[in-house]
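Have a look at the structure below before the remarks.
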Amino acid sequence: MPRTAALMLFLALLLPGCGGYELKNIAKSDIDLVTDEFIDETRALVRELTEKLYARNPGELRKVAGMTVERRLQLLKDTPGPLDFPELGGREGIVALEVVFNPAFEGDRVFALVAGLGGMLRQAYGYNTETYLLSEPLEPEALKTSARNIEILVWRLKNTRRADGRPFLVTSEYRGVVDNLSFERLFGKLIALQEMMARIAGDAGDRRVTRAVHAASSMFIPLPI
């Protein structure tokens, strides 16, 4: 199957329907239009993940007086570029993700996770909200590494525990019972998006993505950009 046809089939299955064609799209290639859809979808998935994590871990939200889920979502939406927040001590990306599993951290672990994850995904897309013909090309290795880091995050959420045996954040499992598989779906969709975008970016630049990193590692991997 030609690459373009395969890509369109993938989008039809994985991404929501596109809106009407806009004049600005004249300055975009087919790869740019696809990339914009991927960016929008990854951000929508992070927003959905934020809501689900707070529903499972309401105590995290109460660590900040007067905080609501809506305010958290608005804060993420209204912050351009890197997701760098004072309450996380300026930590962002994979450094913020490490905070989630730090026993000494007394702040909101859900916010650390979604800010870290969202910031890493933004970095993988060159901090673009849209791409155009003259935009810098995306780095396939960074996109592939972001997918591996999501796999590592899922593993650590399942397997990293506090001293008393409790998870740092409740996701699919509660009190030893797997009762919510929606987290698996969300993380799986994010991984699939990043892997597919890495392939698209590699094809666009006639480059190959190496497999120098492996999800078996429990350490998050810096993006190579």
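The values are calculated or read from the model by the stated rules, or taken from the named source; none is laboratory data. Predicted model only: the values in this text are computed from it and were never measured. We place every Cβ from the backbone using ideal geometry, glycine too, and count neighbours over all the protein chains shown. Only protein heavy atoms, including side chains, enter the accessible area calculation; ligands, DNA and RNA are left aside. Shrake-Rupley method; radii C 1.70, N 1.55, O 1.52, S 1.80 Å.
Tabulated values for the structure
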| quantity | calculated |
| --- | --- |
| Residue in the range 201-222 that is at pLDDT below 95, open to solvent by 80 Å² or more (accessible area, probe 1.4 Å), under 16 Å from the mean Cα position of the chain (by Cα) and within 23 Å of Leu76 (Cβ to Cβ) present | yes |
| Residue match in the range 103-119 (condition: closer than 21 Å to Glu51 by Cα, buried (at least 22 other Cβ atoms within 10 Å of the Cβ), under 11 Å from the mean Cα position of the chain (by Cα) and β-branched (Val, Ile, Thr)) | yes |
| Single condition Glu130 does not satisfy, out of (1) within 17 Å of Ile225 (Cα to Cα); (2) among the charged types (D, E, K, R); (3) modelled with pLDDT under 95 | (1) |
| Residue count for the range 158-178, restricted to those that are open to solvent by less than 40 Å² (accessible area, probe 1.4 Å) and among the aliphatic types (A, V, I, L, M) | 2 |
| Exclusive hit being assigned to a helix (DSSP H, G or I), at pLDDT 90 or above and either open to solvent by less than 80 Å² (accessible area, probe 1.4 Å) or in contact with a Leu (Cβ under 8 Å, 6 or more places away or on another chain) (or both), set Leu73, Leu11 | Leu73 |
| Residues satisfying the stated conditions in the range 41-64, i.e. open to solvent by less than 60 Å² (accessible area, probe 1.4 Å) and not in a helix (DSSP H, G or I) | Asn57, Val64 |
| Residues (touching a Ser or Thr at 6+ places or on another chain (Cβ under 8 Å) and more than 17 Å from Val170 (Cβ to Cβ)) located in the range 92-122 | Met120, Leu121 |
| From the options Glu151, Glu98, Glu141, residue that is open to solvent by 10 Å² or more (accessible area, probe 1.4 Å), at pLDDT 95 or above and within 16 Å of Leu45 (Cα to Cα) | Glu151 |
| Index of the failed condition, Met67 passing every other in (1) open to solvent by 20 Å² or more (accessible area, probe 1.4 Å); (2) part of a helix (DSSP H, G or I); (3) of a type outside the set (Lys, Arg); (4) in contact with a Leu (Cβ under 6 Å, 6 or more places away or on another chain) | (2) |
| Filter result (of a type outside the set (Asp, Glu) and without any contact (Cβ under 8 Å) to a residue 12 or more places away in the chain) within the range 55-76 | Ala55, Pro58, Gly59, Arg62, Ala65, Gly66, Thr68, Arg71, Gln74, Leu75 |
| Single unsatisfied condition, Ser172 versus (1) in contact (Cβ under 8 Å) with a residue 40 or more places away in the chain; (2) touching a helix residue (DSSP H, G or I) at 6+ places or on another chain (Cβ under 6 Å) | (1) |
